[in-house]
Amino acid sequence: MTKSALTAIHPKPLPEDTHSCWSCGSMRAAHFCESCGKVQPPVPVDYFTFFGLPPKLNVDVAALEKSFYELSRKLHPDLNARAGTQEQEWSMEQSSLLNDAYRTLKDPIKRTAYLLHLEGVELEEQSKSATEQARTTGEIKKQIVPPDLLEEVFELNMQLEELRMNKKMGEDDPALIEEIGKQKLELEAKYESLLEELKSFWTEWDAAIDRNLASDSSEERTAVIGKMVDVLNRRNYVRNLVRDVNAVLES
Ligand SMILES: [Zn+2]
C-alpha cells in the first residue's frame, strides 16, 4: 500500500463549498439546490462524502437512513419528470449513486470493505486471484488457518473425514454428529465475535482520523488497516468452514 493511497481520502472540501446552482446561481447543497430545488450534476465523490460524512467507520445508521430517505425524495427521477432531459439524467445518476452509497455504508462489513478499498486494499480481488490461481494450477486454494483456530480446525477436519467415511459405508454415529454440531455452534459464535472485534478497530481507526487533523497518523492508520484486514480474512475463513461443515452434515 502506498502512502498516497493512504492520504487520498483525507480532508478535502465538500462539493457544496465550491459550487453554485447551475440554474439559479445560489450556493447549492451537494446534490440539489437549497433555494430552487433543482437536482445538480453528480460530482465524483466517495460514498462517505456523498452523505457529507468523514471517512469514519462508526456510523450513526439511524441518521444515515434518515438522510437517505430525505435525499431519495429530493433526487427521485419521478419527481423530476417534468424537468429537462439533462436534469432528469442527473436525477437518475444521483439516485443510483445514493442507493449504492446507502447500501454500502449501512452494512458493517460492506462499509469496512469499502473504506479499505478507498485505502487501496481489495479484499475480494485478493480472494478472487487466489481462487483463480488454484483453478489454473489445480492446487487446492490455500487458506491460512487463523492461529487461534489451528487446534479446532485440525480436530474438526478429522471428524468431518470420519463422518464422510461413515456416510460412505452407510454407518451411523450419532455421537460424532452431535460433536460436529457442537463445534459448528462454536464456530458460529466465533463468527459473531469477530464482528465485535472488527468494531473495536473501527474505534481505533476513527480516533486516528481525528488525530490526523493535528498530525500525520498514516503509520497508525496502516497498522489499523492491517488489523481490520486480518479480522475480515479470519471471518471469511470461519464462514467457509461453517459452509463445509453444513455440506458434510447435509450430504
Ligand atoms: Zn438553484
Worksheet item: Ranking C33, C24 by Cβ neighbours within 10 Å, fewest first, what do you get?
Response: C24, C33
Response to the item:
Within the under-12-Å Cβ sphere about E161, not counting E161, Lys/Arg +1 and Asp/Glu -1 give a net charge of 0
Worksheet item: So which of K74/K199; K38/K106; K66/K190; K66/K106; K74/K106 end up more than 23 Å apart, counting from Cα to Cα?
Response: K74/K199; K38/K106; K66/K190
Worksheet item: Just in the stretch 17-119: which trypsin sites (Lys or Arg not before Pro) are loop by DSSP and have at most 12 other Cβ atoms within 10 Å?
Response: R82
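How far, in nm, would the chain grow between S72 and L176 when pulled straight, counting 0.36 nm per residue and subtracting the alpha carbon separation?
32.1 nm
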Practice prompt. Starting from the Cα-Cα distance between S200 and M169, subtract it from 0.36 nm times their residue separation and give me the gain in nm to one decimal.
Written response: 6.4 nm
Worksheet, complete the sentence: Here the FRET efficiency for H19 versus K227, based on Cβ atoms and R0 = 41 Å and rounded to 0.05, is 0.65
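Coordinate-derived values only; no laboratory data. Fair warning: this is a prediction, and the values are worked out from it, not measured in the lab. Backbone-built Cβ (ideal geometry, glycine too); neighbour counts: all protein chains shown.
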